[in-house]
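Inspection log for the structure reproduced underneath, given as structure tokens.
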Amino acid sequence: MNLFRHRFFLPASFLLLLFIGLASCKTRQNQSVSKHPEAKLGWKLGAQAYTFKQFTFSQAIAKIDSCDLSYVEAYPGQEIGAGIPGKMDYKMDAAKRNLILKKLQENHVKMVAYGVVGADNEADWIKIFEFCKAMGVETITSEPNEKYLQLLSDLCDRYQINVAIHNHPNPSHYWNPDIALNAIKGKSKRLGLCADIGHWVRSGLDPVASLKKASGHVLHLHMKDLNEKSRNAHDVHWGEGVCDIDAVIKELKSQNFKGAISAEYEYNWNSNSADVAESVKYFRKSFNQP
């Protein structure tokens, strides 16, 4: 029988269900963009699990979900929890990785970044990249010894994973963006900066000016707002401090930033979920401003 000589017709009821399904999918997408407006520019607003360091990683991702966030930057020293022994160490076995991935899925959270992490030899750097590849991580945040930067540049391209150099306050090595920018010259485009705007302020730097200086090389952010411009400043709700969150958002837009932004709230440690949630609301309100 020549099947091409016969015509096949889909029932009208099937076509109606297909149309309804597509319309429903489109509606959910629109609702998601409405609730998370930053997503339309490719921004992934999440939290650094260190914000919830008083808790296990499993508890942290539940808290992140409760703050209307969908992404986490895990850090190596946190206990996993939920009956899974050990810490978020990159040397864990595949079975433990799979349990964590399942826990992330249950909490509607994706692990997009890992750090701040480092290694003292090539073998361990490769293990970090292997772990991150298995976990679906897009960016490793680190403050690596400069002697490893060519190795990291090569690994970034091999694994298609970014390395974003983080800045702790002065006198840490990368406290000034000039140092990191000079160190990555001639390296992979996947080797860039993790801009910690709060630590820039603690170092006496203007976060917007620093972002402008690093334009084109900002791969990840640690977002903070501080109560004052000093080394001893503490976190406050975004928009209430001295970091000029509105101007930071505008500058990221002007740079066509694409990447993840980790909320860090290193204050009120035992009950800061509400602080993060309020900061996230402010961020999205500011994002929607022209």
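The values are calculated or read from the model by the stated rules, or taken from the named source; none is laboratory data. This is a predicted model, so every value here is computed, not measured. As a convention, Cβ positions derive from the backbone with ideal geometry for all residues, glycine included, and neighbour counts pool all protein chains shown.
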field: the range 126-183, residues that are small (G, A, S) and farther than 21 Å from D93 by Cα
entry: S142, S153, A164, S172, A180, A183
query: From the list H173, H166, which residue is surrounded by 14 or more Cβ atoms within 10 Å (Cβ to Cβ) and farther than 21 Å from I128 by Cα?
result: H173
query: For the subset of the range 251-290 comprising residues that are closer than 21 Å to K110 by Cα and among the basic types (K, R), which member is surrounded by the fewest Cβ atoms within 10 Å (Cβ to Cβ)?
result: K258
- line: Checked the range 91-133 for anything part of a loop (DSSP other than H, G, I, E, B) and touching a Leu at 6+ places or on another chain (Cβ under 8 Å); matches are V109
query: So which of A82, A49, A62, A74 is farther than 27 Å from I126 by Cα, of a type in the set (A, V, I, L, M), modelled with pLDDT of 95 or more and touching a helix residue (DSSP H, G or I) at 6+ places or on another chain (Cβ under 7 Å)?
result: A82
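Residue-wise test of (1) closer than 16 Å to V163 by Cα; (2) surrounded by fewer than 20 Cβ atoms within 10 Å (Cβ to Cβ); (3) without any contact (Cβ under 8 Å) to a residue 60 or more places away in the chain.
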position	(1), (2), (3)
Y71	no, no, no
A82	no, yes, yes
D89	no, yes, yes
A113	yes, no, no
I126	yes, yes, yes
S142	yes, no, yes
E146	yes, yes, yes
Q150	yes, yes, yes
Residue among I179, I140 that is at pLDDT 95 or above, aliphatic (A, V, I, L, M) and part of a helix (DSSP H, G or I): I179
task: Kindly indicate whether S215 is under 21 Å from K250 (Cα atoms), in a loop (DSSP other than H, G, I, E, B) and modelled with pLDDT of 95 or more.
output: yes
- line: The condition of being without any contact (Cβ under 8 Å) to a residue 60 or more places away in the chain and within 30 Å of V109 (Cα to Cα) holds, among L205, L193, L181, only for L193
- prompt: Tell me, which residue of the range 176-227 that is more than 29 Å from E240 (Cβ to Cβ) and of a type in the set (K, R) is surrounded by the fewest Cβ atoms within 10 Å (Cβ to Cβ)?
  reply: K185
field: Which listed residue, of V201, V280, is assigned to a helix (DSSP H, G or I) and either more than 30 Å from K147 (Cα to Cα) or among the charged types (D, E, K, R) (or both)
entry: V280
